[in-house]
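Okay, so here's the structure we're looking at.
The values are calculated or read from the model by the stated rules, or taken from the named source; none is laboratory data. What you see is a predicted model, and the numbers here were worked out from it, not measured in a lab. Cβ sites come from the backbone with ideal geometry, for glycine too, and all protein chains shown count toward neighbours.
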Amino acid sequence: MLDFSSIRTSEGKLEIVNQLLLPHTTEYIEIKSIDDAFDGIKSMKIRGAPAIASLASLAVADYLARALATSPSPDWLETTDAFKQHLEAILAHLFTARPTAVNLGAATRRLSNKLQTLIDAGKNADTIARELISEAKNIDAEDVGRNKLMSKWGGEWLVERVKTQGGSDTDLNVMTVCNTGSLATSGYGTALGLITYLHETGKLQRAFFTQSTPYHQGSRLTAFELKSLNIPSTMLCDSMVGSLFQHHNIHAIAVGADRVARNGDTANKIGTYNAAVLAARHNIPFIVVAPVSTVDLEVPDGSGIPIEHRPAIEACLVRGALYPTTLNGEGAKEQATVMVTPEGLEGVYNPSFDVTPASLITAIVTEKGVAVKKSGEEVFDLTPIV
């Protein structure tokens, strides 16, 4: 079984596993400051919408705890006005690390709202800091429970759908995109959690997953998690999805989300839209699994979702272990970054996300249940699950 998550806290330390080095090297990086947290999120040492929201929250908690333990206290802890101005700047800074992922914004807004509520209640700065530390830790702790809930809702919905269409409910094949397991969350996962739930309940035959280039979250991270969990699985290149659908009986596509608009349009890892189009062509259910915090009711549709574009160089490089395997002096696998394009290539298109229209999505699952479109409609009413 996978025995670690993307974030760990012990002995007063906040650490993240450097996902850029997985699956060949497991290296934990200590987060000692807000800037460390920002860099970890921005550089994708940690990724996955729920996980980065947890890290941002825990980094704020750690920062406030350090401030409370400092003598003399920082100037910004002397008055509530100074406290608010200082913390609001920190929260705004963290939000800019990866703006597409709405969970990060939801976490920073939740802390900001809690701050204002405590100020309005007349609490002093020290008390506010302590209560914000508790709130920040709650944001992280709530993730695992809701992941298990949505995985169960989605898994049971899929099993029932297959049964009503005359299929077997004990040999399901489900494909996913990117990485949405323990490494992308605080534990268990969203779309990969659904696959894990089907495996645990004896309903899954095989999981399929795309490499998810250019960062290879699928071939590096999802492969690592599925192997650790002993879940039968098959990797495919992103360009092989259509062929898979032509030649294999795939019962569903399950993906996560970085932001879901009010009408159900969904931003997720680049390549998700391609898979959704092909799934529609082959009449395969396309399921989005994401917590309520991912649904952004302030954005009417996908056209209002900001799409992060990564530096061009990232699409030109690949990092991995040397092959054949070479060990360094400490017995660890040697890794290297190589360029797979001509040097100085111009005109690189490198968005991190694409938007899948609600019309191509069969179901959206949160911890509150499953939403499907009404007959004849192209968009979702997400009210029951938000």
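Couple of notes before you dig in:
- Thr341 vs. criteria surrounded by fewer than 16 Cβ atoms within 10 Å (Cβ to Cβ), out of contact with any Phe, Trp or Tyr (no Cβ under 8 Å at 6 or more places or on another chain), on the phi < 0 side of the Ramachandran plot and modelled with pLDDT under 95: no
- One residue stands out among those in segment 284-313 that are more than 12 Å from Ala101 (Cα to Cα) and of a type in the set (D, E, K, R): the one that is surrounded by the fewest Cβ atoms within 10 Å (Cβ to Cβ), which is Glu298.
- Residue check for Leu360: farther than 30 Å from Ser151 by Cβ and outside the structural domain of Pro50 (by TED's automatic domain parsing): no
So that you can scan it fast, the table gives a plain yes or no per residue for (1) touching a strand residue (DSSP E or B) at 6+ places or on another chain (Cβ under 8 Å); (2) within 18 Å of Ile305 (Cβ to Cβ); (3) of a type in the set (Gly, Ala, Ser); (4) crowded, with 20+ Cβ neighbours inside 10 Å:
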residue	(1), (2), (3), (4)
Tyr63	no, no, no, yes
Leu68	no, no, no, no
Phe83	no, no, no, yes
Arg98	no, yes, no, yes
Val102	yes, yes, no, yes
Thr108	no, yes, no, yes
Leu111	no, no, no, yes
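- Test: residue in segment 43-53 that is surrounded by fewer than 23 Cβ atoms within 10 Å (Cβ to Cβ), more than 25 Å from Asp258 (Cα to Cα), outside the structural domain of Val260 (by TED's automatic domain parsing) and free of Cβ contacts under 8 Å to residues at least 60 places away in the same chain: no
- Every pair of residues 6+ apart whose Cβ atoms lie under 6 Å, when the first sits in segment 261-287 and is under 24 Å from Glu308 (Cβ atoms) while the second is among the basic types (Lys, Arg): Ala267/Arg259
- Taken over segment 141-180, residues that are modelled with pLDDT of 95 or more, in contact with a helix residue (DSSP H, G or I) (Cβ under 8 Å, 6 or more places away or on another chain) and more than 22 Å from Ala371 (Cβ to Cβ) amount to 1.
- Any chance Thr108 is in a helix (DSSP H, G or I), out of contact with any His (no Cβ under 9 Å at 6 or more places or on another chain), β-branched (Val, Ile, Thr) and touching a residue at least 12 places away in the same chain (Cβ under 8 Å): yes
- Just one of the listed residues (Tyr197, Tyr215) is aromatic (Phe, Trp, Tyr), in contact with a Gly (Cβ under 9 Å, 6 or more places away or on another chain) and over 21 Å from Ala358 (Cβ atoms), and it is Tyr197.
- Restricting attention to segment 355-381, the residues that are over 21 Å from Gly189 (Cβ atoms) and in contact with a strand residue (DSSP E or B) (Cβ under 8 Å, 6 or more places away or on another chain) total 6.
- Checked against (1) surrounded by fewer than 24 Cβ atoms within 10 Å (Cβ to Cβ); (2) assigned to a helix (DSSP H, G or I), Leu194 meets all criteria but (1).
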